[in-house]
1. Which condition breaks for Ala185 when tested against (1) surrounded by 19 or more Cβ atoms within 10 Å (Cβ to Cβ); (2) free of Cβ contacts under 8 Å to residues at least 60 places away in the same chain; (3) touching a Lys or Arg at 6+ places or on another chain (Cβ under 7 Å); (4) within 20 Å of Tyr102 (Cα to Cα)?
2. So Asp283 fits all but one of (1) touching a residue at least 24 places away in the same chain (Cβ under 8 Å); (2) surrounded by fewer than 13 Cβ atoms within 10 Å (Cβ to Cβ); what number is the exception?
3. Does Lys82 count as open to solvent by 60 Å² or more (accessible area, probe 1.4 Å), out of contact with any Pro (no Cβ under 8 Å at 6 or more places or on another chain) and touching a residue at least 24 places away in the same chain (Cβ under 8 Å)?
4. Name the residues in the range 91-131 that are surrounded by fewer than 18 Cβ atoms within 10 Å (Cβ to Cβ) and not in a helix (DSSP H, G or I), would you?
5. Count, please, the residues in the range 230-274 that happen to be free of Cβ contacts under 8 Å to residues at least 24 places away in the same chain and among the basic types (Lys, Arg).
6. Looking only at residues that are of a type in the set (Asp, Glu) and more than 23 Å from Arg158 (Cβ to Cβ) in the range 109-128, which one is farthest from the chain's Cα centre (by Cα)?
7. Return the pairs, sorted by first residue and then second, in which the second residue is open to solvent by 60 Å² or more (accessible area, probe 1.4 Å) and among the acidic types (Asp, Glu), the first residue lies in the range 155-177 and is under 11 Å from Val194 (Cβ atoms) and in contact (Cβ under 8 Å) with a residue 60 or more places away in the chain, the beta carbons are less than 8 Å apart, and the residues are 6+ apart or on different chains.
8. What's the total number of residues in the range 191-228 that are open to solvent by 80 Å² or more (accessible area, probe 1.4 Å), assigned to a helix (DSSP H, G or I) and either acidic (Asp, Glu) or within 24 Å of Arg109 (Cα to Cα) (or both)?
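The values are calculated or read from the model by the stated rules, or taken from the named source; none is laboratory data. Model, not experiment: these values are computed from the prediction. All Cβ positions, even for glycine, are placed from backbone atoms using ideal geometry, and neighbour counts span all protein chains on display. With ligands, DNA and RNA removed, areas are computed over all heavy atoms of the protein, side chains included. Shrake-Rupley method; radii C 1.70, N 1.55, O 1.52, S 1.80 Å.
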Amino acid sequence: MRELMFLEMLIGFSILATAIPKPDNEHHVLHKDESHYINSQHNSAFDHEAFLGEEAKTFDHLSPEESTRRLGLIVDRIDKDKDGYVTQEELKDWIMYTQQRYIRDDVERQWSSHNPEGKEKLPWTEYKNMVYYDIDEREKENENKSADTFSYLQMLKRDRRRWSTADLDGDDALTKEEFTAFLHAEEAEHMKDVIVLETMEDIDKDEDGKISLTEYIGDMYRETADEEEPEWVKNEKEQFSLYRDKDGDGFLNADEVKTWIIPAEFDHAEAEARHLIYEADTDADHKLTKDEILEKYDVFVGSQATDFGEALARHDEF
C-alpha cells in the first residue's frame with residue numbers, strides 16, 4: 001500500500017520563533033501514510049491542505065455555504081484561461097502556488113522573528129540561544145516521563161545537523177536562502193539525505209541503523225492481541241519484502257529508505273491534481289467545471305458541517 005501512498009508531499013514543519021519548540025513543531029517529514037492515507041483509508045485533510053495551503057485552517061471554521069462561496073472565487077482564479085474548465089495543468093499550477101506561498105510566508109515570518117535586526121546572516125549561536133535557551137530545565141521535566149517522551153536534546157541535535165547541512169559556505173551562519181533550506185529541507189536537493197536520516201531515526205526504534213519489518217509496520221500499525229491483522233497490513237508486509245527491501249536482507253538501509261520516501265521523478269503536485277480530478281470529474285472528461293468542483297466542495301475545502309463558528313476572513317483572497 002505504501003508503494004502507492006507514501007510521500008506525495010514532503011513538508012518541513014516550522015519551529016516556534018521565540019520559545020523552545022514543542023514536539024509538534026519539530027522538523028518532520030510528512031509520511032504519505034500519515035497524510036493522504038491513514039491505515040489505507042483516504043484522508044481528506046491532505047487534499048484540503050494541498051489545495052488550499054494555510055487557507056485550509058480558515059475553511060475549517062466556515063459553514064458549507066460560505067465554504068462553497070469562497071471556493072467558487074478560488075476556482076475563478078485557478079481557471080487562468082477563463083474557458084470555464086479547470087484542467088489538470090491549471091490545478092497542478094495552483095497546488096504548486098499554494099505550497100510555495102506557504103513556504104515563502106513561513107520563511108519570511110521565521111526569518112523576521114529569529115533575525116529581528118535584519119542582518120544578512122543568522123549565526124547558529126543566536127538561533128540556538130533564542131530557541132533552546134531553557135533546554136536543561138525542559139529536559140529535567142522529562143526525566144520522570146515515559147521513554148516515548150519527546151526529547152529537546154534530540155531536537156537540538158537534529159537542528160544542529162540540519163543547520164550544518166544547510167550552511168553551504170561553512171561559516172556556521174545562514175543566509176536567508178540557506179535558512180529556507182534549513183526550515184524546508186524538502187525543497188533543497190542537498191538536504192535530501194537529512195530527510196532520510198530523520199525518517200530512519202523516527203522508525204528505527206532499536207537504533208541499529210536499519211529498519212526491520214517490525215519497525216516498518218510499527219510506524220503505521222499497533223497490533224493488539226484481540227484484533228485480527230488487517231488486510232492492508234498484510235499487503236504492507238508484502239510490499240516491504242518485494243519492493244522496499246531491494247537486497248533481500250530483511251532490513252531497509254539508508255539507500256533503500258531514500259528510494260522509498262523520495263522516489264525519482266515523482267511530482268506530488270501532479271499526482272494530487274490527478275487525484276482531485278478523479279474525485280470530482282463526474283462526466284469523465286478529465287477536466288472540471290466550476291459546478292463539478294462546487295458539488296464536491298467537501299473534497300476541496302473540508303467538511304466541518306457541525307462547526308460553523310465565526311468566519312475567519314483572510315486579507316486579500318476574498
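1. Here Ala185 meets the rest and fails (2).
2. Status for Asp283: all satisfied but (1).
3. no
4. Within the range 91-131, Pro116, Glu117, Gly118, Lys119, Glu120, Lys121, Pro123 meet the criteria.
5. Qualifying residue count for the region: 2.
6. Step by step, filter the range 109-128, then rank; the result is Glu117.
7. From residues that are under 11 Å from Val194 (Cβ atoms) and in contact (Cβ under 8 Å) with a residue 60 or more places away in the chain, the pairs are Arg158/Glu201.
8. 1
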